[in-house]
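Have a look at the structure below, then the notes.
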Amino acid sequence: MDILNRYFPDLTDQQQRHFAQLDTEFRGWNERLNLVARTDVDNLAERHFLHSLGIAKVVQFPAGSSVLDVGTGGGLPGLPLAILFPETKFHLVDSIGKKIHAVQEMAAALGLHNVTAEQIRAEQLRTKYDYVVSRAVARLATFHTWIAHRYKPQGDATSGLYYLKGGDLTEEIEESGLKARLFDLSDFYAEEFFETKKVVFVPVTNK
Ligand SMILES: C[S@@+](CC[C@H](N)C(=O)[O-])C[C@H]1O[C@@H](n2cnc3c(N)ncnc32)[C@H](O)[C@@H]1O
């Protein structure tokens, strides 16, 4: 967990406890469900928790705001972000029920009162949110059609989609026709893993 403290030095005792608990819980569920590649589990804090928190290097979710995590799988990036922003409401969705069950159990074990998790396809959601986050779900063009109408009308300049992606995204962004801003995680994190990793920000107002 040292790596989390290094990049997020202001974590409270409770947040540090939550990350340690999440580490234990996640490993347990991963044995059963393969939530992330087995080979990655040794680097859970770096490749999954710190990666998820990359979004917090580019946006601060205000208290009382609401965030949708689409295709959350085993709760990434939603659970680490919910620990970091305890005053923000997170709704984590995935089409696969057993993953959502694991997320519900993990959130309950940690006592995260700002997390709800639901088995539902993104296309079927009707609620509105201030922000959408995601990692590794679908190409931007497809993904954006699922969530384009999921935003509350009163958003500000920071409202929109924060999508964790890797590699060369030029073609993918061009294909989507969206105005996107890219943030390099290597500007924040020194580890080699983050060399090609980015946060793609697509603002709500995208005309
Ligand atoms: C590669 S996994 C990524 C999981 C997690 N975000 C992570 O980074 O570890 C993609 C997830 O997206 C979910 N998914 C794909 N299409 C979806 C849709 N239309 N609605 C909801 N979930 C979807 C899948 O069930 C799967 O759990």
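Among the listed residues 58, 41, 70, which satisfies the condition of being within 11 Å of the ligand (Cβ to nearest atom) and touching a Phe, Trp or Tyr at 6+ places or on another chain (Cβ under 9 Å)?
Working: 58 fails: within 11 Å of the ligand (Cβ to nearest atom); 41 fails: within 11 Å of the ligand (Cβ to nearest atom).
On inspection, the qualifying residue turns out to be 70.
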#### Entry: Check on residue 76, under 25 Å from residue 154 (Cα atoms), touching a His at 6+ places or on another chain (Cβ under 6 Å), of a type in the set (A, V, I, L, M, F, W, C) and not in a helix (DSSP H, G or I)
no
### Query
Only one of these conditions is not met by residue 154: (1) over 25 Å from residue 195 (Cβ atoms); (2) outside any helix (DSSP H, G or I); (3) touching a residue at least 24 places away in the same chain (Cβ under 8 Å); (4) over 11 Å from the mean Cα position of the chain (by Cα). Which number is it?
(3)
### Task
Give, as residue ranges, the strands (runs of 3 or more DSSP E) completely inside the stretch 157-207 that count at least 1 residues that are acidic (Asp, Glu) and under 18 Å from the mean Cα position of the chain (by Cα).
181-184
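Among the listed residues 87, 105, which satisfies the condition of being in contact (Cβ under 8 Å) with a residue 24 or more places away in the chain, over 21 Å from residue 51 (Cβ atoms), assigned to a helix (DSSP H, G or I) and away from the ligand (no atom under 14 Å from the Cβ)? I'd like the intermediate steps shown before the answer.
Numbers: 87 fails: assigned to a helix (DSSP H, G or I).
Sole residue among the options that is in contact (Cβ under 8 Å) with a residue 24 or more places away in the chain, over 21 Å from residue 51 (Cβ atoms), assigned to a helix (DSSP H, G or I) and away from the ligand (no atom under 14 Å from the Cβ): 105.
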### Query
If residue 80 satisfies every condition in (1) within 16 Å of the ligand (Cβ to nearest atom); (2) under 25 Å from residue 169 (Cβ atoms); (3) surrounded by fewer than 22 Cβ atoms within 10 Å (Cβ to Cβ); (4) not hydrophobic (A, V, I, L, M, F, W, C) but one, which is the exception?
(3)
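What are the residues in the stretch 19-38 that are within 11 Å of the ligand (Cβ to nearest atom), polar (S, T, N, Q) and free of Cβ contacts under 8 Å to residues at least 12 places away in the same chain, if any? Give the derivation first.
Our first condition is that a residue be within 11 Å of the ligand (Cβ to nearest atom); within the stretch 19-38, this holds for 26, 30, 33-37.
Pick out the ones that are also polar (S, T, N, Q) and you get 30, 34.
Result: 34, single match.
Going through 93, 132, 137 one at a time, which residue ends up being more than 29 Å from residue 192 (Cβ to Cβ) and within 16 Å of the chain's Cα centre (by Cα)? Working first, answer last.
Values: 132 fails: more than 29 Å from residue 192 (Cβ to Cβ); 137 fails: more than 29 Å from residue 192 (Cβ to Cβ).
Answer to the selection: 93.
Would you mind finding the one in 110, 11, 68 that is over 30 Å from residue 128 (Cβ atoms), in contact with a helix residue (DSSP H, G or I) (Cβ under 8 Å, 6 or more places away or on another chain) and either modelled with pLDDT of 95 or more or not small (Gly, Ala, Ser) (or both)?
Every option except 11 fails the conditions.
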### Task
Go through (1) under 23 Å from residue 197 (Cβ atoms); (2) without any contact (Cβ under 8 Å) to a residue 24 or more places away in the chain one by one and return the number of the condition residue 15 breaks.
(2)
### Failed condition for residue 136, given (1) exposed (fewer than 15 other Cβ atoms within 10 Å of the Cβ); (2) within 13 Å of the ligand (Cβ to nearest atom); (3) modelled with pLDDT of 95 or more
(3)
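The values are calculated or read from the model by the stated rules, or taken from the named source; none is laboratory data. A quick note: this is a predicted structure, and the numbers were derived from the prediction, not measured. Ideal geometry is used to build each Cβ from the backbone, glycine not excepted, and the neighbour counts take in all protein chains shown.
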